[in-house]
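Below you'll find the structure, written out as structure tokens, and then a few comments.
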Amino acid sequence: MSAPSDGDAGIALLDLAWAASSLNLERVQAWLTAPEATQQAAAPSPAPPPAALRWLALLQQSRLQALQALQARLAQRAAAGQPVARLRELYDLWVECAEQAHARLLCNPEFSRTCGELLDTWLASASSTETA
């Protein structure tokens, strides 16, 4: 059995990136709604605020855009006869694509509104907990 090459490792990293970008929102929703409920199985968990679900959806959309950009960059390099030769090159490309996608997300007015609504919801919840 031969050791995996940098190319094999690059494919594995791309597979991992794809798996991370296809995050299951239901699993995240369940985790968000009840970190304590995992310890107290009998207690029903409250539904997450709609802003939390929109926030998660926007993050997932950003991850998918980053992955699509990475795939396009890899295809461009392959077409130009400059395939990724080292795992570090693939990592650097992934980081660059992810940073660009995240920067676009941060400039998105919908993301800003969603974050503001989520913060308002959290602060209202925290203040109602303090007064109770």
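What to note about this one:
- In the range 106-121, the condition of being in contact with a Lys or Arg (Cβ under 9 Å, 6 or more places away or on another chain), surrounded by 14 or more Cβ atoms within 10 Å (Cβ to Cβ), more than 30 Å from ARG54 (Cβ to Cβ) and at pLDDT below 95 is met by no residue.
- Residue match in the range 112-131 (condition: in contact with a Leu (Cβ under 7 Å, 6 or more places away or on another chain) and aromatic (Phe, Trp, Tyr)): no
- If you filter the range 74-91 down to residues that are in a helix (DSSP H, G or I) and open to solvent by 70 Å² or more (accessible area, probe 1.4 Å), you find that the one that is nearest to LEU53 (Cα to Cα) is TYR91.
- Test: ALA12 is at pLDDT 90 or above and not in a loop (DSSP other than H, G, I, E, B): no
The values are calculated or read from the model by the stated rules, or taken from the named source; none is laboratory data. Quantities reported herein were computed from a predicted structural model and do not represent experimental measurements. Neighbour counts are summed over all protein chains in view; Cβ atoms, including those assigned to glycine, are modelled from backbone coordinates with ideal geometry. For accessibility, only protein heavy atoms count, side chains too; no ligands or nucleic acids. Shrake-Rupley method; radii C 1.70, N 1.55, O 1.52, S 1.80 Å.
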